[in-house]
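Written out below as structure tokens is the structure these notes cover.
The values are calculated or read from the model by the stated rules, or taken from the named source; none is laboratory data. This structure is a prediction, so every number in the text was calculated from the model and none was measured. Don't worry about glycine lacking a Cβ; one is built from the backbone with ideal geometry, like all the others, and counts go over all protein chains shown. All accessible areas refer to the heavy atoms of the entire protein, side chains included, with ligands and DNA or RNA removed. Shrake-Rupley method; radii C 1.70, N 1.55, O 1.52, S 1.80 Å.
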Amino acid sequence: MTDRYAVVGNPIAHSKSPLIHSMFARQTRQDMRYDAMLAPLDGFKTTADTFRQLGGKGMNVTVPFKLEAHQLATGLTERAGIAQAVNTLKFEDGQILGDNTDGAGLVQDIIGNLNMPITGKHILLMGAGGAARGVILPLLQQKPAMLAIANRTPQKAVALQKQFIQHGQTDAGDYAHFAGKRFDIIINATAASLNDALPALPPGIFAADALAYDMMYSAEPTRFLKYAEKQGVHHLADGIGMLVEQAAESFHLWRGIRPETKDIIAQLKNPG
Ligand code: ATR
């Protein structure tokens with residue numbers, strides 16, 4: 001019997017995950033099927049339980065259900081526990097294992113694909129919502145010189161910093177708090193790009209040879225990436241690489257094989 005997987009979200013129609021996982025399955029010769037499933041906003045648990053009862057082996061979970069997936073899990077990996085959010089569920093022996101592969105995906109993309117070491121670097125993480133929370137521990141595990149968390153509402157950045165204080169060198173505040181500082185890697189984990197908005201970054205924030213990374217992706221470069229380019233930044237990346245890498249990490253949890261990602265990322269970045 002073909003093993004079944006799905007990505008669950010709302011909305012879900014434009015998800016690239018079914019395409020990515022079908023490419024992984026073909027490449028690694030796995031007998032599996034992966035679908036996109038729309039869950040009603042008040043129906044995540046029912047959707048997940050039904051899929052599991054019908055023999056589903058695992059799920060990716062996306063907006064807005066990552067917190068509910070965290071609650072549904074009967075066991076959590078360390079990184080999912082600390083992120084307080086789950087993007088990957090594995091159904092096995094009556095148990096529901098919850099994992100979060102987003103941060104590992106980001107780190108793998110920055111180090112492995114963009115060839116930018118994180119160790120010893122000064123990193124500015126923009127945003128203090130769920131997207132930011134999920135990547136902090138994996139970034140700190142690479143031992144940056146500093147991980148600064150900037151947020152429009154500074155209290156949220158400070159609260160987040162407190163949770164990770166024992167994991168590495170951190171700082172937190174609003175954007176103005178970082179005026180006069182320079183960073184090697186600036187990551188946009190805010191929802192600003194969704195509304196074509198730009199967080200209020202102080203001038204001169206990009207160090208020479210900096211990487212500007214937007215966790216969002218869209219057909220056109222985001223406002224943040226356009227701004228960075230105007231500031232003379234040459235290394236620009238959107239969230240496609242992270243998307244493929246987090247998928248590879250989920251695939252590995254389910255199937256025990258890590259697919260090759262480089263060609264798939266290139267294909268998604270330059271379709272046709
Ligand atoms: P997610 O779970 O996707 O991270 P969220 O929890 O709603 O979503 O968090 C959204 C993040 O984007 C927050 O850090 C938010 O800043 P506030 O905490 O101050 O609201 C940030 N954000 C959204 N729109 C923004 C904008 N136009 N400029 C700056 N930050 C913005």
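What the table shows:
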read-out	value
Distance (nanometres) between label positions extended 7 Å along Cα→Cβ at ALA159 and GLN27	3.9
With eigenvalues of the C-alpha gyration tensor scaled by 5 and rooted, the chain, Å	32, 20, 17
Rounded FRET efficiency, nearest 0.05, which uses the C-beta distance separating GLN53 from GLN84 and R0 of 35 Å	0.85
Accessible area of LYS57 in the full protein assembly, 1.4 Å probe (Å², nearest 10)	80
Label zone at ASN195 (point 7 Å along Cα-to-Cβ), backbone N below 19 Å, the stretch 135-163	150-157
Radius of gyration and maximum dimension Dmax of the stretch 82-163, Cα, Å	14.2, 44
Relative compactness, the stretch 103-238, computed as alpha-carbon Rg over 2.2 N^0.38 Å	0.94
Mean ellipticity per residue at 222 nm, deg cm²/dmol - from DSSP H runs of n ≥ 4 across the chain, formula -39500 (n - 2.57)	-10000 deg cm²/dmol
Residues listed by number, the stretch 87-126, amide nitrogen under 12 Å from GLN231 label point at 7 Å toward C-beta	124-126
Net length gained if the chain between LEU114 and LEU41 were fully extended (0.36 nm per residue, minus Cα distance)	22.7 nm
At 0.692 mPa s and 37 °C, Stokes D of the stretch 192-243 from Kirkwood alpha-carbon radius, µm² per second	290
Highest average packing first - 198-205, 135-142, 1-8, Cβ atoms within 10 Å	135-142, 1-8, 198-205
Förster radius 22 Å - calculated FRET efficiency between THR74 and GLN166, Cβ distance, rounded to 0.05	0.20
Two-decimal log10 I(q)/I(0) for the stretch 19-101, as the Debye equation yields it once each C-alpha is a single scatterer, q = 0.18, 0.25, 0.26 Å⁻¹	-0.78, -1.27, -1.31
Aspartates and glutamates with Cα under 18 Å of LYS230, excluding same-chain neighbours fewer than 8 positions away	ASP184, ASP196, ASP209, ASP214, GLU220, ASP238
Per residue accessible area in Å² of the chain, where ligands, DNA and RNA are left out and the probe is 1.4 Å	48
